[in-house]
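Chemist: Take this structure, written in structure tokens, and hold onto it; I'll ask about it next.
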Amino acid sequence: MDIITGDRRTYQRSASGITVLAHLLGLTALVLMLIWLLHYREGLDLDSENPARVFNVHPFLMYFGFIFFAAEAMMAYKTVAAAHTVKKFVHMFFNLASLVLGIVGIHAAFKYHDKLNLEDMTSLHSWIGMAALCLFILQAKYTRARALPWHINGGRALLYMAICAAETGLMQKSTFLQLNSGRESHLVNILGVVILLFGITVDISVALARYI
């Protein structure tokens, strides 16, 4: 029995370590995103007359708003040691923030296209991103207890869809800006890797939480 208890404690420490790593990777990606947009890309302003600054709101909110908050909502519900009602409230708050900021982020992309007379929804990135947001809204109906497995696994799938949209978006922007080499190119590549690792560690953290 002591061996089993010791193994369980070791497992709990490992699982908690992955959760901490997920939080750190999420914050690291946020810092890298801000360095890219503020230092290399003229800043961000949804009401600016500069189309580039309007566009920059899109990647920022789609990561910080949509991906980061959605991931934090998942971890808050599955890994935080708190009363069920508290975890549920935090989970709902983060999901609501994710949805609202995600909608504003997509609005920024459409506004940028309007300023430059570009067509909307023509890339794989835009298709995946819009599908992720729409499914995120539809998934809310699967919050009842009898449909909880669908809600949990659907949330994990949507997180990967959102990350896939982020990766294709970064690649599309790098191609558009012709960032073949240099510091900015390396920064964007590192940002993409960190976002991917963030999603993986969040998924592992949520998956392991059921065994603790």
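Chemist: If you stretched the chain out fully between Ala52 and Arg183, how much longer would it get, using 0.36 nm times the residue separation minus the C-alpha to C-alpha distance?
Modeler: Length gained, Ala52 through Arg183: 45.2 nm.
Chemist: Could I ask something else about it? How big is D, in µm² s⁻¹, for the range 91-189 by Stokes-Einstein at 10 °C and 1.306 mPa s if Rh is the Kirkwood radius over C-alpha pairs?
Modeler: It comes out at roughly 104 µm²/s.
Chemist: Given the rule -39500 (n - 2.57) for each run of at least 4 DSSP H residues, summed and divided by the residues of the chain, what is its mean residue ellipticity at 222 nm, to the nearest 500 deg cm²/dmol?
Modeler: -26500 deg cm²/dmol
Chemist: Once you've got the GNM for the chain with C-alpha springs shorter than 10 Å, pick whichever of Ala82, Ala157, Ala73 has the biggest mean-square fluctuation.
Modeler: Per the Cα network of the chain with a 10 Å cutoff, Ala82 tops the list.
Chemist: Once amide H atoms are built 1.01 Å from N in the peptide plane, which residues 5 or more positions from Glu42, or in another chain, come under 5 Å H to H?
Modeler: Those lying under 5 Å, H to H, from Glu42: there are none.
Chemist: I want to check a number: in the range 2-209, how many lysine pairs have alpha carbons closer than 29 Å, given a sequence separation of 8 or more or different chains?
Modeler: Total qualifying Lys-Lys pairs in the range 2-209 comes to 7.
Chemist: First obtain the Kirkwood hydrodynamic radius of the chain from its Cα pairs, then insert it into the Stokes-Einstein equation at 20 °C and 1.002 mPa s, and state the resulting D in µm² per second as a whole number.
Modeler: Result for D is 118 µm²/s.
Quick note: the coordinates plus some simple rules give every number you see, no bench work behind them. If you're wondering where the values come from, they're calculated on a predicted model, not measured in any experiment.
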